[in-house]
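The values are calculated or read from the model by the stated rules, or taken from the named source; none is laboratory data. This one's a predicted model, so the numbers in the text were calculated from it and none came from an experiment. Positions of Cβ are backbone-derived with ideal geometry, glycine not excepted, and every protein chain shown enters the neighbour counts. Heavy atoms of the whole protein, side chains included, go into the accessibility calculation; ligands, DNA and RNA do not. Shrake-Rupley method; radii C 1.70, N 1.55, O 1.52, S 1.80 Å.
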Amino acid sequence: MNIPNSSTAPNASEYAGDEVSAIVLDPGYSTTRAGFAGEDGPKSVVPTYYGVLESDSGPQYLFGENAIHNPLPNLEIKNPWSSDGIVEDWETATRVWEYAITSRLTGAKPTDPSKNGLNEPSNGDMDVEMEALDDAEKPLADSPLLMTEPGWSSSKAREKYIEIAMEDWGTPAFYLGKTGVLAAFASGKASAIVIDIGASMTSVTPVVDGMVLKKGVQKSPLAGNFVSNQIRLIFGQSQPQIPLTPYYTVSAKVQVDAGAPSQATYKKFENPPTASFRRHEEERVLTEFKESVVEVWPGPGRFNNGTNEDIAKSSPGRPFEMPDGWNQVFGVERFKAAEGLFEAKAALVDAENPRPQDSQTIPELVRAAMNHVDVDQRHVLLANVVITGGSSLLYHFTDRINYELQNLYPAPRIRLIAPGNTVERKYAAWIGGSILASLGSFHQLWISKKEYEEHGPGIVEKRCK
């Protein structure tokens, strides 16, 4: 008789067999991605930011793109992640993730039959088995769940992931995959060095034969939000200062010449929105600026080296218009915003934004990660450098990475794998999870509900290496 233990595969019936598609959930600092395994991209991409409205009856939570951009008085915008890439507020993070799944994939939970208006008021005798109803109400009762985690997750956090999935959501089977490994799988690589530039964190993960080298995982706060702060400093230090006007403040705008003051009509608010709401709305404008104007100096040489700035001055500028109509053509400034990612002394600083450490720049993260890799394996990883994350889409970013890596490692052949398709670049970890969870051979890796009940949350450490 085959007695299940922590290393045997669950039966087909336990993980719902091949008929039911697993759900892949990839939580991040800026957005949370969810979708069905086997699909090309996530069906549900929702902001991880959420709104809190304080009222007499207690706080009201608002989730989703539309809700958090509505300028209501007293609306505070928060994020359950810390800027270190670790979940701080598990209770709200769970609600955000559940919203990502139920809003687009599984639908909301069914209501109590006694309260749905379809049944006569009862005297307490309900024909519905209440325990079965509890199970049916759980959003993932029919779907196995593969969830992603950063390479630096603690054991406590990993146990929390499986607890949420099994106990709060009732999933029949669960697996936890590291983002670095999944991004490598999305590019068809079992061994690679994965450079992931997200919103709050940049990480470099060495992956060998489908396993993360834990000692080699490096992370740094120099990522998308850092570039946004650099743009704020460029705007603030310009003469005259460049106004940063969010969309919700503008009622109507008129066309003005480049550099001329805006002549827009602004909305008046009896109770102006909170500082956190305004900052979040300013970030939207900064994101547009990053996507359309900011450019990475491609090399050769660093941007601050001698003649490179003069070369940049001679290249045509890029125009940008603020929501209130103010506009300008940006020349050499557009290269300065992202230069701090590669060279700490090139970062703009003020009292609130100190100079980053040299060890936090991308070339130094790669060097530190590669120092933990066996000498025999280094050439394999350098021939498979996977670039992922939304902030890696900055113009000329991959050219600069290539130049920096050639500088660090002149001898081995360096090959970058950076999909040109925006979806594949932004959501590589999700796509890797989608590929993995749809493989027939993957079924033996699921942790079933039965195993979880038998061994507790600690099983995730044994099974999801």
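Only one of (1) 29.0; (2) 26.5; (3) 24.3 was calculated from the structure for Kirkwood radius over Cα pairs in Å, and its label is (3). A simple packing score, the average count of other Cβ atoms within 10 Å per residue, orders the peptides 144-151, 254-261 as 144-151, 254-261, with the highest score first. Straight-line cross-link partners of Lys189 among the lysines, defined as a Cα under 21 Å from its Cα and at least 8 positions apart when in the same chain: Lys178, Lys214, Lys215, Lys426, Lys465. For Thr202, the residues whose amide H sits under 5 Å from its own are Ser220, Leu222, ignoring neighbours fewer than 5 places away on the same chain, with H placed 1.01 Å from N.
How much FRET efficiency would the formula 1/(1 + (r/R0)^6) give for Lys465 and Ala260, where r is the Cβ-Cβ distance and R0 is 41 Å, rounded to 0.05? It comes to 0.10.
Estimated from helical segments only, the mean residue ellipticity of the chain at 222 nm is -8500 deg cm²/dmol, where each DSSP H run of four or more residues counts as -39500 (n - 2.57). Across region 166-176, coupling constants 3J(HN,Hα) worked out from phi with the 6.51/-1.76/1.60 Karplus curve, θ = phi - 60°, read 7, 8, 7, 9, x, 5, x, 7, 9, 8, 10 Hz, and Gly and Pro carry x. Over all projection directions, the Cα-based convex hull of region 157-237 averages an area of 7.8 nm².
Ranked by solvent-accessible area (1.4 Å probe, protein heavy atoms only, all chains present), the residues Glu343, Glu163 order from largest to smallest as Glu163, Glu343. Using only Cα coordinates, the Kirkwood hydrodynamic radius of region 239-366 works out to 16.9 Å.
I'd like the Kirkwood hydrodynamic radius of region 207-285, using the inverse of the mean 1/r over distinct C-alpha pairs, in Å.
Values: mean 1/r = 0.0615 Å⁻¹.
Value: 16.3 Å, from the Cα pair sum.
Using the 1.4 Å probe convention, the accessible area of the chain works out to 47 Å² per residue with neighbouring protein chains retained. Using a 7 Å offset from Cα along Cα-Cβ at Ala351, what residues in region 222-262 end up with backbone N under 20 Å from the label point? Of the residues in region 222-262, 229-239, 241-242 have backbone N under 20 Å from the label point off Ala351.
Projecting label points 7 angstrom from Cα along Cα→Cβ for Gln377 and Glu288 puts them 4.6 nm apart. Roughly to the nearest percent, how much of the accessible area of the chain is carbon and sulfur, given a 1.4 Å probe? Exposed carbon and sulfur together represent 48 percent of the surface.
A simple charge model with +1 on the Cβ of Lys and Arg, -1 on the Cβ of Asp and Glu and nothing else charged puts the dipole of the chain at about 2020 debye relative to its Cα centre. Take every Cα-Cα pair in region 309-465 and report what % of them are more than 23 Å apart. Here the tail beyond 23 Å accounts for 61 percent of pairs.
Under 5 Å between amide hydrogens, built in the peptide plane, is the criterion, and for Leu75 it picks out Thr274 among residues at least 5 positions away or on other chains. Normalising the average separation of contacting C-alpha pairs (under 8 angstrom, six or more residues apart) by the number of residues puts the relative contact order of the chain at 21 percent. Among 428-441, 370-383, the peptide with the highest mean count of other Cβ atoms within 10 Å heads the list, and the full ranking is 428-441, 370-383.
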